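Let me begin by presenting the structure, written as structure tokens, before commenting on it.
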Amino acid sequence: MRAIAPPDALVLSSPPPLTQHPAAVYLTQVGLGSRRTMRQALDTIARLLTQNQADALTLDWSALRYPHTAAIRAILLETYAPTTANKMLCALRRTLKEAQRLGLLSADDYARATDLKAIPGSRLLRGRALSAQEMTALWSACAIDPTPAGRRDTALLAILRAGLRRSEVVSLDVADVNLSTGAVTIRAGKGCKDRITYLPPGAISAVRAWLELRDRSPGALLYPIHRSGRVIQRRLSDQAVLGMLQKRSAQADIAPVAPHDLRRTFITELLTAGVDLFTVQQLVGHASPVTTARYDRRGEAAKQRAVAIIEVPALDRHSSGKQ
């Protein structure tokens, strides 16, 4: 990567304590599910600015001025999809805001450096909603597995099917799930927000079956399973969730399924069933209904069905003329 400024000028010779470091302070305010993504965004920006000599924690964010940030915006515009580029710019702005709050950047320098227009453009919707046939095949791939992994994966799939993010699923403890009501308490979800959502009856049964194997002792709800079938008493990782879906998708002979595809499926099915957008937004923990609407995969057929309910009187061609 080419340097936008002399690399040495922006690299900290001795990084400050993390409590005084703008990037570190910003990242502590980001939910666990997004922290890795935003850290990667800041690392990328730091590398661009210093010809790979610095990362998020060794870049001197307080030295950035408008020429630096404008150049970064130009590179992001050429390199990334609009949504990704704007997310990276958000991380940049938030880090510079912390630099100002820490007294490392003046209000004027902060205002100029962050005076960046959002990157315009839109792309086709990412991901997909699974069909009923695909969901059935995926369930079957888990259910026919007689090993402990089969029971664990059925419970995991059932919880993902209820619209949770994979980071939220792996963060669940046994105490967070009420099997009597189906209520699931999600603590410090995206944006560090708590919320309560619910499992459908079939998902409650799947979780109950898993707990019969795992037992109901305190701790993480979902555990890894050793190849031997032994349950390992530690929290499941995000990557393990992705790996499970890749494995079960292949067994089900369907296109690869990402964890977020199940979230899209949940939202799409609720909207198709006539659940109002605000309720769906609350269930999935979106900050705005606009975000929830982006997950809607009902497509053109839904638009046609919606318009079909509008009644327009047919024109009587034989009664033309003045009355």
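The values are calculated or read from the model by the stated rules, or taken from the named source; none is laboratory data. Source: prediction; values computed, not measured. Every residue, glycine among them, receives a Cβ derived from its backbone with ideal geometry; neighbour counts consider all protein chains shown.
Tell me which residues, restricted to the stretch 164-187, are exposed (fewer than 14 other Cβ atoms within 10 Å of the Cβ) and within 19 Å of the chain's Cα centre (by Cα).
Arg187
So if I check each of Tyr80, Tyr66, which one is of a type in the set (Ser, Thr, Tyr) and over 19 Å from the mean Cα position of the chain (by Cα)? I'd like the intermediate steps shown before the answer.
On the way: Tyr80 fails: over 19 Å from the mean Cα position of the chain (by Cα).
Only one candidate qualifies: Tyr66.
Give the residues of the stretch 1-18 that are modelled with pLDDT of 80 or more, part of a loop (DSSP other than H, G, I, E, B) and exposed (fewer than 14 other Cβ atoms within 10 Å of the Cβ), sorted by residue number. Please lay out each step first, then the result.
Going residue by residue through the stretch 1-18, those that are modelled with pLDDT of 80 or more are 9-18.
Right, trim to part of a loop (DSSP other than H, G, I, E, B) and you get 12-17.
Correct list: Ser13, Ser14, Pro17.
Which one of Leu283, Leu271, Leu242 is modelled with pLDDT of 85 or more and assigned by TED's automatic domain parsing to the domain that holds Leu164?
Details: Leu283 fails: assigned by TED's automatic domain parsing to the domain that holds Leu164; Leu271 fails: assigned by TED's automatic domain parsing to the domain that holds Leu164.
Selected residue: Leu242, the only one of Leu283, Leu271, Leu242 that is modelled with pLDDT of 85 or more and assigned by TED's automatic domain parsing to the domain that holds Leu164.
Please specify each residue of the stretch 242-284 satisfying the condition of being small (Gly, Ala, Ser) and either in a helix (DSSP H, G or I) or more than 27 Å from Thr147 (Cα to Cα) (or both). Lay out the reasoning, then the answer.
Taking the stretch 242-284 and keeping what is small (Gly, Ala, Ser), we get 243, 249-250, 252, 255, 258, 273-274.
Once the filter is applied, which keeps residues that are small (Gly, Ala, Ser) and either in a helix (DSSP H, G or I) or more than 27 Å from Thr147 (Cα to Cα) (or both), the stretch 242-284 yields Gly243, Ser249, Ala250, Ala252, Ala273, Gly274.
From the list Ala258, Ala302, which residue is surrounded by 13 or more Cβ atoms within 10 Å (Cβ to Cβ) and at pLDDT below 80? Break it down stepwise before answering.
Numbers: Ala258 fails: at pLDDT below 80.
Result: Ala302 is the single residue among Ala258, Ala302 that is surrounded by 13 or more Cβ atoms within 10 Å (Cβ to Cβ) and at pLDDT below 80.
From Leu277, Leu236, grab the single residue that is surrounded by 15 or more Cβ atoms within 10 Å (Cβ to Cβ) and modelled with pLDDT of 90 or more.
Values: Leu277 fails: modelled with pLDDT of 90 or more.
Residue meeting the stated conditions: Leu236.
Hey, does the stretch 285-293 have a residue that's in a helix (DSSP H, G or I) and within 14 Å of the chain's Cα centre (by Cα)? It would help to see each step written out before you state the result.
Let us first name the residues in the stretch 285-293 that are in a helix (DSSP H, G or I), namely 289-293.
In the following step, the residues that additionally are within 14 Å of the chain's Cα centre (by Cα) were identified as 291-292.
Among the residues of the stretch 285-293, at least one is in a helix (DSSP H, G or I) and within 14 Å of the chain's Cα centre (by Cα), which makes the answer yes.
Kindly indicate the residue of the stretch 196-233 that is among the aliphatic types (A, V, I, L, M) and in a loop (DSSP other than H, G, I, E, B) and also farthest from the chain's Cα centre (by Cα) among those meeting that condition. Don't jump to the end; show me each part of the working.
Taking the stretch 196-233 first, the residues among the aliphatic types (A, V, I, L, M) are 196, 199, 203-204, 206-207, 209, 211, 213, 220-222, 225, 231-232.
Imposing the further condition that a residue be in a loop (DSSP other than H, G, I, E, B) reduces the set to 199, 221-222, 232.
Values: Leu199: 19, Leu221: 20, Leu222: 20, Ile232: 27 Å.
It comes out as Ile232.
Which residues, taken from the stretch 113-132, are at pLDDT 95 or above and in a helix (DSSP H, G or I)?
Answer for the stretch 113-132, where residues must be at pLDDT 95 or above and in a helix (DSSP H, G or I): just Ala113.
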